[in-house]
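Chemist: Let me begin by handing over the structure; questions about it come next.
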2 protein chains.
Amino acid sequence: MTSELAFIAALRRIATHPGARNLEDDCAVIDFGGEVLVLTHDMMAEGVHFLPGQDPADVAWKLVACNISDLAAKGAEPVGVLVGYTLGADDARFLAGLEEALAHYRAPLLGGDTISRRDGQVLGLTAIGRATHRPVPSRAGAKAGDRLYITGPVGAAMLGFEALQAGSGDSLAYRRPQALLDAGIALAPHVTAMMDVSDGLLLDASRLARASGVTLAVASAAVPIATAEGRRAEALRWGDDYQLLFTAPAGAELPLPVHAIGTALPAAAAPILLDGQPLGETDAIGYEHR
Amino acid sequence: MTSELAFIAALRRIATHPGARNLEDDCAVIDFGGEVLVLTHDMMAEGVHFLPGQDPADVAWKLVACNISDLAAKGAEPVGVLVGYTLGADDARFLAGLEEALAHYRAPLLGGDTISRRDGQVLGLTAIGRATHRPVPSRAGAKAGDRLYITGPVGAAMLGFEALQAGSGDSLAYRRPQALLDAGIALAPHVTAMMDVSDGLLLDASRLARASGVTLAVASAAVPIATAEGRRAEALRWGDDYQLLFTAPAGAELPLPVHAIGTALPAAAAPILLDGQPLGETDAIGYEHR
């Protein structure tokens, strides 16, 4: 077993709990007491998910935001987080970013563990949330006839990454992504399926389509992008923007301004039709965990 | 900030939630849905907490057991776990050990994250539990006059570690520690303070004493040991046995056979009196996270 996907598939076989959906980047959803607990755990490794030279405060922010974004896609509000931390070059900067992000997302620090080692840093964060609406939105609820929406533009993180690499320009969108907690909570009662866009719009949409057993017809021109028009195709494939992607019945009144970008159809061979063309499994459509 | 202890102290300053007690190896305890949620997160790194040559199934077992032991000390029953995994040399063996340990402790796998990287493995596990008794036992409840107890012998993991190093003899106690889940649940209604012994009896007892504001008088001869008498002093300082250490009022009827090993006294200068002698801060009394 040498790939993340193979390991995740093997994990799935031993995860028999009905709420065990957090095996890739989805959340676990379980009844606890009279409420619903939403749980997610994401790791970030130096040299893989962040670079040795990056500001540890930005790394901490992103670690929090990517987990809180998973809660947002469930319409969950944060209960708190546990942090797994490897001591690094500037622990005080990491703590400053952590404190700032946790305050921003109203997520108290509940605990965690700290280790020291010689190799690069590995960070983990467990976010614990409380569902604000039942049923809790999943990726699996889209029905043929539903409309597909996104909360805002994609491509901003791509530009931010390029600015960071170049050492000039505005890199904020990449360094300090925004998890759309309030939008997720507002949308949860209205959606049939929802997820956050972390690995690229087209790839994440194909996951939603497969989980729901539909094909999603996406109109690329309708997708809001943060880039020049010439880079639309890239923006649809870049991750890290953390917009919410969701379906709702045609004609549903939604509580905030969002962008209609497609329609759910009965399942065809390909999960995605992009401007009428089926996107094949082998097309490069986003960031795959290999 | 270059030490684990300094980082933990800094974390504590930003952890303002009243349930945030899981900053070293204790659990977070929070009200949720009319019940009490108990949460803990422990990390293990290759080369620090386990050796590159160790059987990954044993590593998985220990990762589960050390976290479940934290739940046991709270009298909590497992709700499930989230696993943070770095791909390694034999992922199938890790999974086999994980599945075995989770079945043993009735802890469903709820999810997690998987990453691949070149450096050594770093593993994390978040255990989620449900308190079976309120108030949930903490380290802070021992009162002068209480008796101090331990559930079983210390020193078995030390012998197991030596056997593993030597390549002969019985290493099971080190490789497959037992978290005392049933004992913790049975004891929770009877104790004034409780914790698991992970870093050494004397060190962990000193933590319980400080948290409770008492001094614990320990009678070393009364401590059950799994070693020859000549190694008693070492056995009292070795960790990884995961016995439960607790206090209860004098005369309390306890639901299982345990070992009385001392008494809680009003706080003196030293947190521990070992056979009447104060143990100083600088004495080597167990595994300190530096």
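Read-outs throughout are calculated quantities, based only on the coordinates presented, and are distinct from any laboratory measurement. It should be emphasised that the depicted structure is a prediction, and the values quoted were computed from it without experimental measurement. FYI the Cβ positions are ideal-geometry reconstructions off the backbone, even for glycines, and counts take in every protein chain you see.
Chemist: For residue B:252 paired with residue B:5, estimate the spin-label separation in nm (one decimal), with each label point 7 Å from Cα along the Cα-to-Cβ line.
Modeler: 2.9 nm
Chemist: At 25 °C and a viscosity of 0.890 mPa s, what translational diffusion coefficient does Stokes-Einstein give for chain B, taking Rh as the Kirkwood radius over Cα pairs? Give it in µm²/s as a whole number.
Modeler: Once the numbers are plugged in, D ends up at 126 µm²/s.
Chemist: How much length is gained if the chain between residue A:134 and residue A:31 is pulled fully straight, taking 0.36 nm per residue apart and subtracting their Cα-Cα distance, in nm to one decimal?
Modeler: Extending this stretch completely gives an extra 36.0 nm.
Chemist: A further question on this structure: For residue A:154, enumerate residues with amide H under 5 Å from its amide H, sequence gap 5+ or separate chain, H modeled in the peptide plane.
Modeler: Long-range HN contacts for residue A:154: A:225, A:226.
Chemist: Taking Rh as the Kirkwood radius computed over C-alpha pairs, what is the Stokes-Einstein D of the range B:147-278 at 25 °C in a medium of viscosity 0.890 mPa s, expressed in µm² per second?
Modeler: In µm²/s, the coefficient is 164.
Chemist: For the protein assembly as shown, give the share of DSSP beta bridges that are antiparallel, in percent and rounded to the nearest 5; count only bridges with both residues there.
Modeler: Percentage antiparallel, nearest 5: 75.
Chemist: A further question follows. Given a 10 angstrom Cα cut-off, can you work out which residue in A:164, A:125, A:201 is the most mobile in a GNM of chain A?
Modeler: Result for chain A, Cα springs under 10 Å: A:164 fluctuates most.
Chemist: Per the helix-only calculation at 222 nm, which mean residue ellipticity applies to the protein assembly as shown, given -39500 (n - 2.57) for every DSSP H run of n ≥ 4 and division by its residues, nearest 500 deg cm²/dmol?
Modeler: -8000 deg cm²/dmol
Chemist: Roughly how many Å is it from the Cα centre of the range B:97-132 to that of the range B:246-282, as a whole number?
Modeler: If we compute the Cα centre of each part, the gap is 34 Å.
Chemist: For the range A:16-131, report the translational diffusion coefficient in µm²/s to the nearest whole number, using Stokes-Einstein at 37 °C, 0.692 mPa s, and a Kirkwood Rh over Cα pairs.
Modeler: Answer from the Stokes-Einstein relation: 227 µm²/s.
Chemist: I've got another one for you. Using only the Cα atoms of the range A:128-206, what are the Rg and Dmax in Å?
Modeler: 15.3, 46
Chemist: Rounded to whole Å and sorted largest first, list the principal axis extents of the Cα atoms in the range B:57-190.
Modeler: Result, largest extent first: 53, 36, 24 Å.
Chemist: Give me the tail of P(r) for the protein assembly as shown as a percent: Cα-Cα pairs with distance above 35 Å.
Modeler: Of the Cα pairs, 39 percent sit more than 35 Å apart.
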